[in-house]
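Enquirer: This is the structure, below, for whatever I ask next.
The values are calculated or read from the model by the stated rules, or taken from the named source; none is laboratory data. For clarity, every value in this text was computed on a predicted model and none was experimentally measured. Side chains included, ligands, DNA and RNA excluded: accessible areas come from the protein's heavy atoms. Shrake-Rupley method; radii C 1.70, N 1.55, O 1.52, S 1.80 Å.
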Amino acid sequence: MPNDSSERRRRVTAQRTGPLLMEGPVEVTLDDGTVVSSDRFCVALCTCRRSRTYPWCDTSHRKAARPSQTDTPGPEGP
């Protein structure tokens with residue numbers, strides 16, 4: 001992709017347990033070649049693929065609890 005100086009740079013914010021936040025407007029090309037777009041000033045792109053509105057995040061990642069790295073199994077009782 002050539003560097004076109006007429007387009008301004010877009011900011012993408014990666015979150016460890018959430019979506020990619022991207023300054024809009026954006027165009028996203030999916031695996032099957034479908035192109036979807038959003039004119040919003042900021043969009044959340046799903047990275048967990050649980051979203052019903054994929055590629056847009058609908059916060060479905062919050063519903064499935066993921067074990068944190070600090071969780072340790074407790075002692076098992078009799």
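Enquirer: May I ask you to list the residues in the stretch 49-78 that are open to solvent by less than 100 Å² (accessible area, probe 1.4 Å), under 23 Å from Val28 (Cα atoms) and modelled with pLDDT under 90?
Expert: Within the stretch 49-78, Arg50, Thr59, Ser60, His61 meet the criteria.
Enquirer: Within 10 Å of the chain's Cα centre (by Cα) and at pLDDT 85 or above, is that true of Leu30? Give the derivation first.
Expert: On the way: within 10 Å of the chain's Cα centre (by Cα): no; at pLDDT 85 or above: yes.
Against the criterion (within 10 Å of the chain's Cα centre (by Cα) and at pLDDT 85 or above), Leu30 does not qualify.
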